[in-house]
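The values are calculated or read from the model by the stated rules, or taken from the named source; none is laboratory data. Predicted model only: the values in this text are computed from it and were never measured. Every residue, glycine among them, receives a Cβ derived from its backbone with ideal geometry; neighbour counts consider all protein chains shown.
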Amino acid sequence: MFWLTCGSGGKDPVVRNRINGVTRASVFTVILAVVLGSAGGAITGFFAGRASAPVDEIVALPDAAVRAPLDSYADLIEEVLPAVVTIESRRSLFGMPSGSIGTGFFYRQDGHVLTNSHVLPRGAESQIGVALSDGRRLNATILGRDIWGDVAVLKVDGGPFPVVEIGDSQSLRLGEIVLAIGSPLNLRNSVSMGIVSGVDRTFPHPVDTANGSLNIPLRGMIQTDAAVNRGNSGGPLVTQDGRVVGITTAARGDASNLGFALAISGVMQRLLELESTGTVAWGFLGVSYQVIDPELERFDGSPFPYAAVIGRVFADSTAHDAGLLAGDVILAINDQMLTKTFSLADGVDAVSVGDVVRFRVQRQGATIDLFAALRARPAVVDSTAV
């Protein structure tokens with residue numbers, strides 16, 4: 001897989017109230033090449049950062065219809081590029097110096113940079129710097145990172161810095177032209193162009209946990225055929241009007257022209273939590289499950305609604321607290337029926353940790369409601385669990 005970043009706006013970023021959801025696959029078999037570039041090899045990883053910005057500093061952009069497209073792609077790049085940075089990390093590996101390259105962008109004038117978590121090294125001994133488009137090199141510190149969402153926030157002293165303008169990834173249309181800006185293979189200030197090839201894609205990314213490396217799905221991703229290579233990770237995916245709609249994050253290693261970016265609207269929804277706490281608390285139901293598609297499955301000889309059949313309930317989980325059992329069929333979460341576009345995983349992501357979740361369940365022919373407060377995802381988690 002590859003990982004890249006996206007930035008927020010030169011004016012003020014748009015904060016969305018929900019994350020685009022995508023059905024979570026139960027098994028991932030694709031082979032990926034991490035986009036995080038380095039002089040000597042690829043790095044896998046993900047995620048976020050924290051900051052102490054007031055809400056009004058990162059909300060409310062003018063309506064997209066107000067602004068006309070830039071006259072040329074050259075104008076677009078001249079406007080966006082000053083806010084894009086190359087992220088350089090240095091550390092000692094087995095007594096030998098090692099380094100890696102990624103991309104990021106300023107979304108606040110006081111030096112806050114968005115990027116992918118996997119771009120940043122693990123370990124306190126690492127040194128991180130950013131290279132600006134004008135050639136200056138400045139030190140940076142990690143304010144926060146969300147390994148589950150592959151987002152991170154850096155802080156660079158100084159400023160004011162030029163910033164990107166945040167767009168609305170939920171309004172993207174298939175075929176819309178986009179540009180990826182970054183430092184592929186350490187070729188800094190590089191630009192590639194393509195189209196939006198797909199939306200609401202699910203893409204697995206490796207996360208290092210106490211239980212080893214796990215492939216955790218990133219949902220709601222933007223697919224593009226713009227060239228994405230090692231070093232692009234964390235860079236902005238920009239529309240023709242100069243707004244950032246995604247953070248370039250990954251690419252398929254077994255195919256051509258299959259790049260993926262985190263949708264910026266979902267990133268912005270969790271950014272305030274990341275800035276204020278240094279991390280993001282993701283909900284954890286604690287089940288493995290299979291989807292029932294009403295077009296393919298039958299239950300007791302009659303059509304069955306789209307649903308999730310529980311295969312296993314994990315101890316010390318939300319599902320265990322609610323009394324869910326293996327074999328239960330979950331029909332709805334908080335009165336919203338599961339569908340092909342609203343999966344069980346989407347329902348969990350729509351609830352804040354600590355809030356009570358209501359499950360509508362069919363068990364042995366009877367329909368019942370079960371309740372439990374949503375627990376946070378633990379540090380040690382089974383790769384099949386939601």
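The figures follow:
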quantity: Yes/no for Ile216 being outside any loop (DSSP other than H, G, I, E, B), closer than 25 Å to Asp349 by Cα and either among the aliphatic types (A, V, I, L, M) or in the same structural domain as Val113 (by TED's automatic domain parsing) (or both); calculated: yes
quantity: Single residue of segment 328-355 satisfying the filter (without any contact (Cβ under 8 Å) to a residue 40 or more places away in the chain and surrounded by fewer than 12 Cβ atoms within 10 Å (Cβ to Cβ)) that is nearest to Ala308 (Cα to Cα); calculated: Asp335
quantity: Hey, Ala152 of a type in the set (A, V, I, L, M, F, W, C) and either farther than 23 Å from Glu78 by Cβ or outside the structural domain of Arg188 (by TED's automatic domain parsing) (or both) or not; calculated: yes
quantity: Residue that is nearest to the chain's Cα centre (by Cα), among those in segment 139-179 that are among the small types (Gly, Ala, Ser) and surrounded by 22 or more Cβ atoms within 10 Å (Cβ to Cβ); calculated: Gly149
